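A short reminder: the numbers here are calculations on the coordinates, not readings from a lab. Fair warning: this is a prediction, and the values are worked out from it, not measured in the lab. Because the Cβ atoms are built from the backbone with ideal geometry, glycine has one as well, and the counts that use them run over all protein chains shown.
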Amino acid sequence: MTTALSLDLEKPLLTLEEAKTFVDFHQQQGRTVVFTNGCFDILHAGHVQYLNKAKALGDVLVVAINSDASVRKIKGDKRPINTQEDRAYILKNLKAVDAVLLFEDDTPLSVIETLLPDVLVKGADWAVENIVGRESVEAHGGTVQTISFLDGRSTTGTIEKILKAYSLKESS
């Protein structure tokens, strides 16, 4: 029996309940659901490459982004540069990304435990045994993967480059 998916997939952010419906639908259709999370502030080539590689691990890519408050807690009061709505809109409009949702907690554990994706992905700077949600995903038959980053690309590096470039006044 095929269940219809009746969600407004044009809106950039899904609620957790909508994301669960989305994931369940695709898993019932035999599709592999991949999940990743992050701040994704000031999107750069490294982010896009990472998301493309994540999508290649399955059929559907779900991305959970830290809320603005969560980013401030992790990165400091000057971040994020882009609002959660803008970050979600940009991500949702990338070819690799099928769904975006927001999380407020320090970690996406409750999101991962609710969605139970088939593949959980993080950057290679994480040891697999330390990836939040690994145990839940593996307990439900899923896998956990890491993806290497594109060297020299980071939001912090982009911010530093901007600050350096614009802190010097042009001579007349």
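See the values below:
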quantity	calculated
Karplus 3J(HN,Hα) series, Hz, for the stretch 97-110 with 6.51 cos²θ - 1.76 cosθ + 1.60 (x for Gly, Pro)	9, 9, 8, 10, 9, 10, 10, 9, 5, 5, 10, x, 3, 5
The stretch 24-102: Cα Rg divided by the 2.2 N^0.38 Å rule of thumb	1.13
Per-selection Rg to Rh, the chain - Cα, Kirkwood hydrodynamic radius	1.01
Cross-link table LYS55/LYS92; LYS75/LYS161; LYS55/LYS122; LYS75/LYS95; LYS11/LYS73, entries beyond 21 Å C-alpha to C-alpha	LYS75/LYS95; LYS11/LYS73
Span from the the stretch 56-123 Cα centroid across to the the stretch 12-35 one, whole angstrom	14
Spin-label model distance (nm) - LEU163 vs ILE74, 7 Å beyond Cα toward Cβ	1.9
Low-density loop positions, GluC sites (Glu not before Pro), the stretch 48-146 - DSSP coil, at most 14 other Cβ in 10 Å	GLU104
Trypsin sites (Lys or Arg not before Pro) lying in DSSP loop within the stretch 5-109, provided at most 10 other Cβ fall within 10 Å	LYS78, LYS95
Average Cα contact separation per residue, the stretch 16-167, under 8 Å, 6 or more apart, as relative contact order %	27
Ranking of ASP68, ASP106, ASP77 by count of other Cβ atoms within 10 Å, fewest first	ASP77, ASP106, ASP68
Theoretical ellipticity at 222 nm over the chain - DSSP helices of four or more residues, -39500 (n - 2.57) apiece, nearest 500	-11500 deg cm²/dmol
Unit charges on C-beta of K, R, D, E only; dipole of the stretch 16-167, Debye	680
